[in-house]
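Following: one structure in structure tokens, then a few remarks.
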Amino acid sequence: MKSYDVAVIGGDGTGPEVVREAIKVLDVASKKFDLKLNYTHFDFGGDRYLRTKEVLPDSAVDDLRKFPVVLLGAIGHPDVKPGILEKGILLRLRFELEQYINLRPVKLYDERFCPLKDKGPKEIDFVVVRENNEGLYTGSGGFVFKGTPNEIAIQESVNTRRGVERCLRYAFDYTRKRNKDKKLMLCGKTNVLTYAFDLWERAFHEIGQKDYPDIKREYAHVDATTMWFVKNPEWFDVIVTDNMFGDIITDLGAMIQGGMGIAAGGNINPQGTSMFEPIGGSAPKYTGKNVINPLAAICAGGLMLDFLGDRESAEAPKKAAAAIETAVIKTVREKLKTLAAGKMGYGTKEVGDLVAAAV
Ligand code: IPM
Ligand code: MN
């Protein structure tokens, strides 16, 4: 039997409770496909920070590096100033583990949960490949004359040819493997960000023309992209974009796929340690109430197995991932009233049980 090591960071708020349900489902799916997951839990998050005054211990990154995958609940604590945990844990891990891709599927499982008129699962099924290590997220910039009337704040978007190229290549490969419309759209802002997206656009066409002639290339500005998410989501197959735009458009993506309760993503280093998470945050007001929707975390677990299958060239994890998705679809369509916390018709644990049973 093949076994895989999984690092688990439950994190803050509702993170631990949704991760518990994800593990419940992962274990059932693993057993069915004859594989085993060995979990090691880490207590990183707001509570640990408030207790120890240390955001991440020095050993953390090297400890996590030993794992092929990390399953993350949520980071964000109401008693900690915004930015400290996000930067100190989430962004630090994304950067230091070189998870240079943030993969965010936007897939609607049941048309009852889509806020768009006349759009259903056939129309809403695309993937956003968000660059995850550069852009406005590097922390490059600073203040001049801080606190005076002449204050200047500069926050720079960093775009390296290497960083852009590896992201684009991942997106082209992904589009080929996905094999839907074989269409990759670059989402940018070439009419204003004439340096950053000039580099992106040149690299996009050079790489596409040379190495991916089978993939259709399209371009759209980010503002137009948000309009089409609402108006014509069926136009999209795979979208590649920078870190900031990817952050913004995937929240809109989450809404059209039914909300934060179902949206999952992977922070991917194809050769290294990748980290999978529900993208909704820690939702502190629902903590411990058994009302939060665990499906996003369960879907993150599915993405994690799918990634393990690719990374280890193994069939079983990919089959287990597909079984989880099928079970989620069945549960969503046949059982749940809504995907929102407290309004599902079932509690957090019960939804986990339903998916586990469907697997
Ligand atoms: C996300 C989140 C993070 C981001 C925050 C919490 C730093 O919004 O994963 O999309 O901006 O990347
Ligand atoms: Mn975000």
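The values are calculated or read from the model by the stated rules, or taken from the named source; none is laboratory data. Remember, it's a predicted structure, so these values are computed and weren't measured experimentally. Note that each Cβ is placed from the backbone with ideal geometry, even for glycine, and that neighbours are counted across all protein chains shown. Areas reflect the complete protein model, heavy atoms only, side chains present, ligands, DNA and RNA absent. Shrake-Rupley method; radii C 1.70, N 1.55, O 1.52, S 1.80 Å.
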Using each residue's phi in the range 75-83, evaluate 6.51 cos²θ - 1.76 cosθ + 1.60 at θ = phi - 60° and report the 3J(HN,Hα) Karplus result to the nearest Hz, with x for Gly and Pro. 10, x, 10, x, 8, 10, 3, x, x
I'd like the antiparallel share, as a percent to the nearest 5, of DSSP beta bridges with both residues in the chain. 40
Determine, for each peptide in 116-123, 23-30, the mean count of other beta carbons within 10 angstrom over its residues, then list the peptides with the highest first. 23-30, 116-123
Given Cα pairs under 8 Å that are at least 6 residues apart, what percent is the relative contact order of the range 125-244? 40
Cα shape, the chain, gyration tensor, a/c 1.5 rule: rounded
Probe of 1.4 angstrom, ligands and nucleic acids ignored: what's the accessible area per residue over the chain, in square angstrom? 44
Do any of Lys53/Lys87; Lys119/Lys319; Lys24/Lys122; Lys31/Lys289 go past 18 Å between their Cα atoms, and which? Lys119/Lys319; Lys24/Lys122; Lys31/Lys289
Quick shape check on the range 125-244: root eigenvalues a ≥ b ≥ c of the Cα gyration tensor, a/c under 1.5 is rounded, otherwise prolate if a/b tops b/c, else oblate, and it reads prolate
Total lysine pairs under 16 Å (Cα atoms) in the range 125-244, excluding pairs fewer than 8 apart on one chain: 6
Given 181-191, 135-145, the highest-first ranking by average Cβ count within 10 Å works out to 181-191, 135-145
Whose amide H sits under 5 Å from the amide H of Leu71, counting only residues 5 or more places off or on another chain, with H placed in the peptide plane? Ala7, Val8, Ile9, Phe276
Ranking request for peptides 86-93, 158-165, 276-283: highest mean number of other beta-carbon atoms within 10 Å first, then the rest in descending order. 276-283, 86-93, 158-165
If I compute solvent accessible area with a 1.4 Å probe over the protein chains, what percent of it on the range 125-244 is carbon and sulfur? 55
Set of aspartates and glutamates near Lys335 by C-alpha distance (under 17 Å), chain-local residues within fewer than 8 positions excluded: Glu21, Asp110, Glu111, Glu325, Glu350, Asp353
Using a simple charge model, +1 on the beta-carbon of Lys and Arg, -1 on the beta-carbon of Asp and Glu, nothing else, what dipole does the chain show about its Cα centre, in debye to the nearest 20? 680
How much of the DSSP bridge set in the range 125-244 is antiparallel, in percent, rounded to the nearest 5? 25
Roughly how big is the range 75-198's charge dipole about its Cα centre, with Cβ charges of +1 (Lys, Arg) and -1 (Asp, Glu), in debye to the nearest 20? 480
Label point distance in nm, Ala322-Glu350, each placed 7 Å from Cα along Cα→Cβ: 3.2
Helix-only mean residue ellipticity at 222 nm for the chain, each DSSP H run of n ≥ 4 adding -39500 (n - 2.57), per residue, nearest 500: -12500 deg cm²/dmol
